[in-house]
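Asks: The structure is given below, and queries will be raised subsequently.
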């Protein structure tokens, strides 16, 4: 009987320990889930936060950086001298020969490159590295430009969703007004039905724009390698960063695409110089020591060898390099024409979009808002028909939607111009400082 209290005490202790461990495990699990939930939902207050995530996590940028490091390693490899060759030779052993007649030769040979091959090879590797570095910078600008447009698309999707919610509220208010008039004999049944259809259509559009907002958020997250739409964007309106600056003509030589074409032409020039130097034969110098067992004597040996350029004078490789150089010159001229044409056409489109945006903001949108307010009161008093009232609603909503789409198109053109003329990162940095500071 005395063992039962001990057993009960032991069981109680095990229960307490088990319960404590279970409680701690549950607490850790809840904290872990809360922590993961906090990490999953991020708040984006300005574009600089998007840009930082993209520059740190974009897989394509990581690949470009690794390839650039490989180009620099290739440059260092190209500057190395050829390795010397050590050789050991034994003669007159085995067969019918006596071991006393054996001869040993130990030698060292070195390839001496002529016509500046090493320098030409190094200069070519440097030119390729420089061209790839410019290409890497262009890639960074392209990805940041995609991120800027994707960020604007999220804000535009938010604006359109807010517009759809306002449209639902307007349609619901109109339906209540028409229903009251119908009960008092001031409206027809088809007007009530039409108002109901308009409300349901607005609700469908609202639900679609909710999904479009999730898609836009997921697109932004994909640029830093994530696959989520659990992002909170605090901005509520699209902003243009001094779009008049994009209407001026930049220095053509500073345009990244033109600079890349110049770098490729420089690399083609270095390649032609290298192929020209390869036409000159290299010299191999050898020196060694020879031992004669038969006479117990020794001697030194030396050798110089030069290949005769009878058949292969690297003539066709040299011609190929020259033709590539000529092609790179044409590519440079073509790039200058294409970039200038693209910049001019985008500036023209941007001017039209800015003019339309200004007209919408300052005149059309305020006017249609006043018209809608007046039409609502006039229809309530029975002074206009339901179709006129519906037209006023439609015009006001269309003008608001048009303002969002025009602003988004202007941002796309603005970013494309900045990407082409090489001012994207600088302009975005200036915009981010002001935007984040304002918030």
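Asks: Mind putting together the pair-distance distribution for region 277-424? All Cα pairs, 10 Å bins, whole percent per bin, short to long.
Replies: For region 277-424, the pair-distance distribution reads 9, 16, 13, 11, 10, 9, 7, 7, 6, 5, 3, 2, 1, 0.
Asks: Taking N as the number of residues in region 69-204, what is its Cα Rg relative to 2.2 N^0.38 Å?
Replies: Numbers: Rg = 42.3 Å, N = 136, 2.2 N^0.38 = 14.2 Å.
So region 69-204 has a normalised radius of gyration of 2.98.
Asks: Which of the three applies to region 169-231, rounded, prolate or oblate, going by the alpha-carbon gyration tensor with a ≥ b ≥ c and a/c under 1.5 meaning rounded?
Replies: Verdict is prolate for region 169-231.
Asks: Subtract the Cα-Cα distance of residue 74 and residue 351 from 0.36 nm times their separation in residues, and report this length gain in nm to one decimal. Mind showing how you got there, number by number?
Replies: Values: separation 277, 0.36 × 277 = 99.72 nm, distance 4.67 nm.
Going from the current span to full extension adds 95.1 nm.
Asks: Oh, and also: Could you rank the peptides 221-233, 159-171, 406-418 by their average count of other C-beta atoms within 10 Å per residue, with the highest value first? Before the final figure, lay out each step's value.
Replies: On the way: 221-233: 16.2, 159-171: 18.5, 406-418: 21.9.
Put in order of decreasing packing, that is 406-418, 159-171, 221-233.
Asks: I need the shape label for region 262-321. Rule: rounded when a/c is under 1.5, else prolate if a/b > b/c, else oblate, with a, b, c from the alpha carbon gyration tensor.
Replies: Details: a/c = 7.59, a/b = 3.33, b/c = 2.28.
In terms of gyration-tensor shape, prolate.
Asks: Given a cut-off of under 8 Å on Cα pairs at least six residues apart, what relative contact order in percent is computed for region 282-439?
Replies: Numbers: 85 pairs, mean separation 28.8, N = 158.
Taking the mean separation of contacting Cα pairs over the length of region 282-439, I get 18 percent.
Asks: Then there is this: Let me have the relative contact order for region 178-287, percent, based on Cα pairs under 8 Å that are six or more residues apart. Don't skip to the end; give the middle numbers.
Replies: Values: 25 pairs, mean separation 10.0, N = 110.
Result for region 178-287 is 9 percent.
Asks: Considering region 145-188, what Rg and Dmax in Å follow from its alpha-carbon atoms?
Replies: Every Cα atom of region 145-188 included, Rg and Dmax give 18.2, 58 Å.
Asks: Using only the Cα atoms of region 165-301, build the gyration tensor, take square roots of its eigenvalues as a ≥ b ≥ c, and label the shape rounded, prolate or oblate: rounded if a/c is under 1.5, else prolate if a/b is larger than b/c, else oblate. Don't skip to the answer; put the middle values down first.
Replies: Details: a/c = 6.45, a/b = 3.47, b/c = 1.86.
Prolate shape, in that a/c is at least 1.5 and a/b is the bigger ratio.
Asks: Next question, about the same structure. From the C-alpha coordinates alone, can you work out the Kirkwood hydrodynamic radius of region 293-350, in Å? Each step should come with its number before you reach the end.
Replies: On the way: mean 1/r = 0.0569 Å⁻¹.
So the Kirkwood estimate lands at 17.6 Å.
Asks: Over the Cα atoms of region 310-379, Rg to Rh with Kirkwood Rh, two decimal places?
Replies: 1.66
Asks: For region 59-125, compute the orientation-averaged projected area of the C-alpha convex hull (one quarter of its surface), in nm².
Replies: It is 8.5 nm².
Asks: For the pair residue 228 and residue 316, what calculated FRET efficiency results from E = 1/(1 + (r/R0)^6), where r is the Cβ-Cβ distance and R0 = 45 Å, to the nearest 0.05?
Replies: Details: r = 55 Å, r/R0 = 1.23.
Result of the calculation: an efficiency of 0.20.
Asks: Here's something else I'd like to know. Just the ratio, please: alpha-carbon radius of gyration of region 116-186 over 2.2 N^0.38 Å, N its number of residues. Write out the running numbers ahead of the final one.
Replies: Numbers: Rg = 30.3 Å, N = 71, 2.2 N^0.38 = 11.1 Å.
So region 116-186 has a normalised radius of gyration of 2.72.
The numbers here are math on the coordinates, done by the rules we state, and not lab data. Because the structure is a prediction, the values reported are computed rather than measured. All Cβ positions, glycine included, derive from the backbone under ideal geometry; neighbour counts span all protein chains shown.
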